[in-house]
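The values are calculated or read from the model by the stated rules, or taken from the named source; none is laboratory data. Computed from a prediction, not measured in an experiment: that's the story for all the values here. We place every Cβ from the backbone using ideal geometry, glycine too, and count neighbours over all the protein chains shown. Surface areas here come from the heavy atoms of the whole protein model, side chains and all, with no ligands, DNA or RNA. Shrake-Rupley method; radii C 1.70, N 1.55, O 1.52, S 1.80 Å.
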Amino acid sequence: MSAVDLTLAEALDRLAKKDISAVELTEAHLEQMAQHRSLNAYLVETPERALNEARASDERRAKGAAKPLDGIPLGIKDLFCTKGVETTAGSKILEGFVPTYESTVTANLWRDGAVMLGKLNMDEFAMGSSNMTSAYGPVENPWRRPGSNAKLVPGGSSGGSASAVAARMALGATGTDTGGSIRQPAAFCGIVGIKPTYGRCSRWGTIAFASSLDQAGPFARTVKDTAILLRSMSGFDPKDSTSVDMPVPDWAKDCVGNVKGMRIGIPRQYRMDGMPAEIDRVWTQGAQWLRDAGAEIVEIDLPHTKYALPTYYVVAPAECSSNLARYDGVRYGLRAEGASLTELYENSRAEGFGAEVKRRIMIGTYVLSAGYYDAYYLKAQQVRALIARDFTLAFEKCDAILTPTAPSSAFAMGEKMDDPIAMYLNDVFTVPASLAGLPGISVPAGLSDDGLPLGLQILGKPFDESGVFRVAQAIEDAAKFDAKPALLKVA
Amino acid sequence: MAELIAGKTGDWEMVIGLEVHAQVTSKSKLFSGAPTDFGAEPNTQVSLVDAAMPGMLPVLNGFVVEQAVKTGLGLNAQVNKRSVFERKNYFYPDLPQGYQISQFQHPIVGKGEIEIDLPDGTTKAIGVTRLHLEQDAGKSLHDQDPKRTFVDLNRSGVALMEIVSEPDMRSAEEAAAYVRKLRAILRYLGTCDGNMDEGSMRCDVNLSMRKPGAPLGTRCEIKNVNSIRFVMAAIEYEARRQIEILEDGGKIDQETRLWDTRQGVTRSMRSKEEAHDYRYFPDPDLLPLVLEDGLIERIKATLPELPDAKKHRFMGEWGLSAYDAGVLVAEQERAAFYEEVAKGRDPKLAANWTITELLGVLNREGKDLADSPVSAAKLGGLIDLISDNTISGRIAKEVFAEMVETGKEAAAIVEEKGLRQVVDTGAIDKLVDEVMAANQDKVAEYRGGKDKLFGFFVGQAMKVSGGKANPALLNETLKKKLAP
């Protein structure tokens, strides 16, 4: 078995036993990256830095001073500012922008000894569900439908992260999730991704899309691996006023798959008209696995579910229209000259932003403008409160909620591109929990009829990542998902 | 003092409201740790947050919040335990975020009231609508290069209190008195240094005109009027401009105008139609500000005695006139100086000497009380010499002039120059006898009924004594000896 096929936990174990060195582990991944560059998962590769960090890691370990993630090679979504390494958020407007500072989340990973392989492609400013909106080209999913050469999307917005981890180009990766940007690509690429409770991970140094929703989280190939990564990424940060000062548990200990006596909620309202049978099948199967493991399955109601997407597509664009105002061509990033100040703004932003970003800025500007604020933004905030209340009431009847992650498996590049609504529907199962700030994980649960991975989502109470990991582990244990992407089989 | 302005069609009344932007006295900015010192090299006091670098987040400065609460209490206003920071969205190069973090629907301070002192000694209550916290913008420098505009972000993110008054003022004098009183209160509290020259206090004037008793007219807002003198001049100009339009049958356009310092006129900046749609919404990077229990009470306990309370105490306890008390409390240092002078002495005499003599001299020389050559203790020493009859009031003025010149103690000057007043009855008798002997004709005239000559004898006797004769004693002796 190649070093890149190790899980993160196995790699830590081997490193500890000195069966493998951090340099060897890093080299194996750099080689894998070079081999699969056509996926376009990495925007920037940092091999020299990775090898230097790996060497330093081996020295620490030799001295018996190894840290929790020492020597683990990771990919970083390009939304995280990394000191001295170009950070673009997948946008042309930030082309060439090299931060002088390190985001709190990545700084936490480096503090714990992780090694940076490079920066990962993403939908522009994290807006998208296919990774097709990146200014630096789409990312390819390493999976293919058997017998088809159609290139598939990895999902989004953290498409580069999911593709890289699925293609063994990193042991794990960071992502961010605003309406499903970790969970949906994890499902499309057959890996695990968790969005923790809003406030768990500091947003400082992470480029903002929608501040009240954005939350960082990890990708890896097992539930336990994400638990290990999330522990390092989390923690109170006085530089983020929405960061929460709570102890960070050792979540890996929760990955034992014991769900005996737990009550698992199945929301009636998630059983939607026209939902593909395969999605229903894997969902029902998931419930059965949990029942077999001793959990009690209960039907629950989340009555405002149908309002979640429209609410999200008011709140997120409103915040984005304001958050992205700073990209004006004046201080950093792209500047397109103009004869007047207004022209400089117009030209820089017209040239720098892609179509999807522009669409959302315009929607957001509209819903906040005089005369429309009450009808859209204010109403959306009220509905958001009702959606959060739905969950509060549901959690009186259950300990965690099981749903499909996405309404379909990965689709082909180019599909849904001319229909933003169809694209937005990808997030139908992930958005409600984002609006409520709840933790959610996607675990691979099986294959679709055409041989592509399908994920199940587990949602938990605020700050109950422990419960989420417990249930996710039970699904992982039962699903025994060991299918591999077509790309790896070819190689 | 609702002063009416006569127009062609009758009298007009001004209706004035002021928005004052006061820079909060604080070492660091509202949402970042960058320093706030005035006059630093451009772009040397700018944090990553102030420059709105990608991924940066605001963190509220707790000290600034306390300053705002303190100011609210000083304005006799309602302090709101819960307030919300919102984003005010607009594009400008000196606004790096593309929005200003401000408070809109839920300000930290609500309704209050202050009392202004008018030149005729009367007072008037002016309502305060609200006080909210917000970020200052940077500065666009248009004069550094023929083609380009430079941006200095030192001020970007500095904490401001916007204090909005009710439209309660009816003349330029009232507006000036309001700004002066507000500045005095802020300075007493230590929440704003009130330096209008350095831009730490800036004024926007809202003005409309109406016939007395008529409903409110359409107002114009005049931006960035940066001294009390300009506030008055801008109001006078704008009132005339509006009257002229109205009397010619025109309508006032609701618009934002700028005060042109050089020309002494207001100019249109943007009309209501061109007004920005600021798209306010709660800042998702900041949680609502909830004041912890007991904070307001704790701050209340630290409040100093404020100008109005002090003024009333000076009037009540010490019998000063409203005018004198008002002058003395206008600045905290001045009031403290006076209180030191007055302690254990005649308070009215102390007030006279502080206001008329000392402040008069300092004013002429353009000095602050802090640079005064005569300390409170020394001025007190001089007053003691007057009170115990060592010197007369007239001699005291001479001594005071010498004190200002040399900074010496009054007693030392009196001794050195032998200015001690003659209180010895024998010596006065002798003096009077000499004068009467030398002016026997006048003595006869006086005794013949020409009473007015009494003053002549006082003058002569004083002259002979070198001004040192005790006036009361001299009068008494003269009256006795001149009596027929």
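From the residues in region B:370-397 that are at pLDDT below 90 and of a type in the set (A, V, I, L, M), which one is surrounded by the fewest Cβ atoms within 10 Å (Cβ to Cβ)? Only one residue fits best here, namely B:370.
One residue stands out in region A:53-73 among those that are touching an Asp or Glu at 6+ places or on another chain (Cβ under 6 Å) and in a loop (DSSP other than H, G, I, E, B): the one that is nearest to residue A:115 (Cα to Cα), namely A:69. One residue is enough: does region A:65-80 have a residue meeting the conditions open to solvent by 10 Å² or more (accessible area, probe 1.4 Å), over 18 Å from residue A:24 (Cα atoms), touching a Phe, Trp or Tyr at 6+ places or on another chain (Cβ under 8 Å) and away from chain B (no Cβ under 11 Å)? Scanning region A:65-80 turns up no residue that is open to solvent by 10 Å² or more (accessible area, probe 1.4 Å), over 18 Å from residue A:24 (Cα atoms), touching a Phe, Trp or Tyr at 6+ places or on another chain (Cβ under 8 Å) and away from chain B (no Cβ under 11 Å).
Residue A:235 meets all of the listed conditions (1) over 15 Å from the mean Cα position of the chain (by Cα); (2) open to solvent by 30 Å² or more (accessible area, probe 1.4 Å); (3) more than 11 Å from chain B (Cβ to nearest Cβ) but one, namely (2). When A:384, A:335 are checked against the criterion of being within 14 Å of another protein chain (Cβ to nearest Cβ) and open to solvent by less than 40 Å² (accessible area, probe 1.4 Å), a single residue qualifies: A:384. Take the conditions surrounded by 14 or more Cβ atoms within 10 Å (Cβ to Cβ) and not assigned by TED's automatic domain parsing to the domain that holds residue B:70 and apply them to residue B:355. Does it pass? Against the criterion (surrounded by 14 or more Cβ atoms within 10 Å (Cβ to Cβ) and not assigned by TED's automatic domain parsing to the domain that holds residue B:70), residue B:355 qualifies. Residue B:236 meets each of the listed conditions (1) open to solvent by less than 50 Å² (accessible area, probe 1.4 Å); (2) under 17 Å from residue B:15 (Cβ atoms); (3) at pLDDT 95 or above apart from (1).
The selection criterion, being part of a loop (DSSP other than H, G, I, E, B) and polar (S, T, N, Q), holds for residue B:302. Among the residues of region A:436-491, those identified as assigned to a loop (DSSP other than H, G, I, E, B), under 20 Å from residue A:246 (Cβ atoms) and open to solvent by 40 Å² or more (accessible area, probe 1.4 Å) are A:461, A:462, A:463, A:464.
When you check residue A:399 against the structure, is it closer than 30 Å to residue A:268 by Cα, open to solvent by less than 20 Å² (accessible area, probe 1.4 Å) and away from chain B (no Cβ under 14 Å), yes or no? Explain how you work it out, then say what you get.
Working: closer than 30 Å to residue A:268 by Cα: yes; open to solvent by less than 20 Å² (accessible area, probe 1.4 Å): no; away from chain B (no Cβ under 14 Å): yes.
Spelling it out, it is not the case that residue A:399 is closer than 30 Å to residue A:268 by Cα, open to solvent by less than 20 Å² (accessible area, probe 1.4 Å) and away from chain B (no Cβ under 14 Å).
Collect the residues in region A:260-287 that are touching a Leu at 6+ places or on another chain (Cβ under 6 Å) and closer than 29 Å to residue A:233 by Cα, keeping them in residue-number order. Passing the criteria: A:264, A:286.
Does residue A:241 satisfy the condition of being without any contact (Cβ under 8 Å) to a residue 24 or more places away in the chain, buried (at least 18 other Cβ atoms within 10 Å of the Cβ) and either part of a loop (DSSP other than H, G, I, E, B) or away from chain B (no Cβ under 14 Å) (or both)? Don't jump to the end; show me each part of the working.
On the way: without any contact (Cβ under 8 Å) to a residue 24 or more places away in the chain: yes; buried (at least 18 other Cβ atoms within 10 Å of the Cβ): yes; either part of a loop (DSSP other than H, G, I, E, B) or away from chain B (no Cβ under 14 Å) (or both): yes.
Against the criterion (without any contact (Cβ under 8 Å) to a residue 24 or more places away in the chain, buried (at least 18 other Cβ atoms within 10 Å of the Cβ) and either part of a loop (DSSP other than H, G, I, E, B) or away from chain B (no Cβ under 14 Å) (or both)), residue A:241 qualifies.
Please determine whether any residue of region B:434-455 is closer than 16 Å to residue B:395 by Cβ and either assigned to a helix (DSSP H, G or I) or assigned by TED's automatic domain parsing to the domain that holds residue B:386 (or both). No, the conditions are met nowhere in region B:434-455.
I'd like the residue in region B:253-289 that is closer than 20 Å to residue B:238 by Cβ and among the basic types (Lys, Arg) and, out of all such residues, is modelled with the lowest pLDDT. Filtering first and then ranking leaves B:272.
No other residue among B:41, B:66 is outside any loop (DSSP other than H, G, I, E, B) and either in the same structural domain as residue B:157 (by TED's automatic domain parsing) or out of contact with any strand residue (DSSP E or B) (no Cβ under 8 Å at 6 or more places or on another chain) (or both) apart from B:66. Identify, please: which residue in region B:283-304 is under 28 Å from residue B:180 (Cα atoms) and open to solvent by less than 60 Å² (accessible area, probe 1.4 Å) and is, among those, nearest to the chain's Cα centre (by Cα)? Among those that are under 28 Å from residue B:180 (Cα atoms) and open to solvent by less than 60 Å² (accessible area, probe 1.4 Å), it is B:304.
With the requirement that a residue be more than 18 Å from residue A:140 (Cβ to Cβ) and outside any helix (DSSP H, G or I), what does region A:1-43 give you? Within region A:1-43, A:1, A:2, A:6, A:7, A:18, A:19, A:20, A:21 meet the criteria. Residues in region A:201-223 that are away from chain B (no Cβ under 14 Å), over 10 Å from the mean Cα position of the chain (by Cα) and open to solvent by less than 10 Å² (accessible area, probe 1.4 Å): A:220, A:223.
Filter region A:343-368 for residues that are within 8 Å of chain B (Cβ to nearest Cβ) and either open to solvent by 20 Å² or more (accessible area, probe 1.4 Å) or more than 15 Å from residue B:284 (Cβ to Cβ) (or both); which is nearest to the chain's Cα centre (by Cα)? Spell out how you get there, then give the answer.
Our first condition is that a residue be within 8 Å of chain B (Cβ to nearest Cβ); within region A:343-368, this holds for A:345, A:365, A:368.
Still in the running and either open to solvent by 20 Å² or more (accessible area, probe 1.4 Å) or more than 15 Å from residue B:284 (Cβ to Cβ) (or both): A:345, A:365.
Numbers: A:345: 32, A:365: 26 Å.
Once the filter is applied, the top-ranked residue is A:365.
Restricting the first member to region B:97-119 and to residues that are in the same structural domain as residue B:86 (by TED's automatic domain parsing) and over 30 Å from residue A:322 (Cβ atoms), and the second to residues that are among the polar types (S, T, N, Q) and assigned to a strand (DSSP E or B), the beta-carbon pairs closer than 6 Å and six or more apart or on different chains are B:115/B:123; B:117/B:123.
Looking across region A:73-131, the residues that are more than 14 Å from the chain's Cα centre (by Cα) and β-branched (Val, Ile, Thr) come down to A:82, A:85, A:87, A:88, A:93, A:98, A:100, A:104, A:106, A:115.
Take the residues in region A:101-112 that are surrounded by fewer than 24 Cβ atoms within 10 Å (Cβ to Cβ) and more than 14 Å from chain B (Cβ to nearest Cβ), then tell me which one is farthest from residue A:61 (Cα to Cα). The extreme case among them is A:108. Cβ-Cβ contacts under 8 Å between residues 6 or more apart (or on different chains), taken from a first residue in region A:20-36 that is farther than 21 Å from residue A:69 by Cα to a second residue that is buried (at least 18 other Cβ atoms within 10 Å of the Cβ), are listed as A:36/A:142; A:36/A:167; A:36/A:169; A:36/A:487. Taking region B:77-96 as the range and being within 7 Å of another protein chain (Cβ to nearest Cβ) and open to solvent by 20 Å² or more (accessible area, probe 1.4 Å) as the test, only B:91 passes.
Here are some residues: A:265, A:274, A:257, A:286. Which one is away from chain B (no Cβ under 14 Å), open to solvent by 40 Å² or more (accessible area, probe 1.4 Å) and more than 21 Å from the chain's Cα centre (by Cα)?
Working: A:265 fails: open to solvent by 40 Å² or more (accessible area, probe 1.4 Å); A:257 fails: open to solvent by 40 Å² or more (accessible area, probe 1.4 Å); A:286 fails: open to solvent by 40 Å² or more (accessible area, probe 1.4 Å).
Step by step, each of A:265, A:274, A:257, A:286 is checked, and only A:274 is away from chain B (no Cβ under 14 Å), open to solvent by 40 Å² or more (accessible area, probe 1.4 Å) and more than 21 Å from the chain's Cα centre (by Cα).
Would you check which residues across region B:22-59 are within 14 Å of chain A (Cβ to nearest Cβ), small (Gly, Ala, Ser) and open to solvent by 60 Å² or more (accessible area, probe 1.4 Å) and list them? Across region B:22-59, the qualifying residue is only B:33. Among the residues of region B:419-433, those that are open to solvent by less than 60 Å² (accessible area, probe 1.4 Å) and assigned to a helix (DSSP H, G or I) comprise B:426, B:427, B:428, B:429, B:431, B:432.
Answer yes or no as to whether residue B:48 is hydrophobic (A, V, I, L, M, F, W, C), out of contact with any His (no Cβ under 8 Å at 6 or more places or on another chain) and over 16 Å from residue A:100 (Cβ atoms). So residue B:48 does not fit the description; no.
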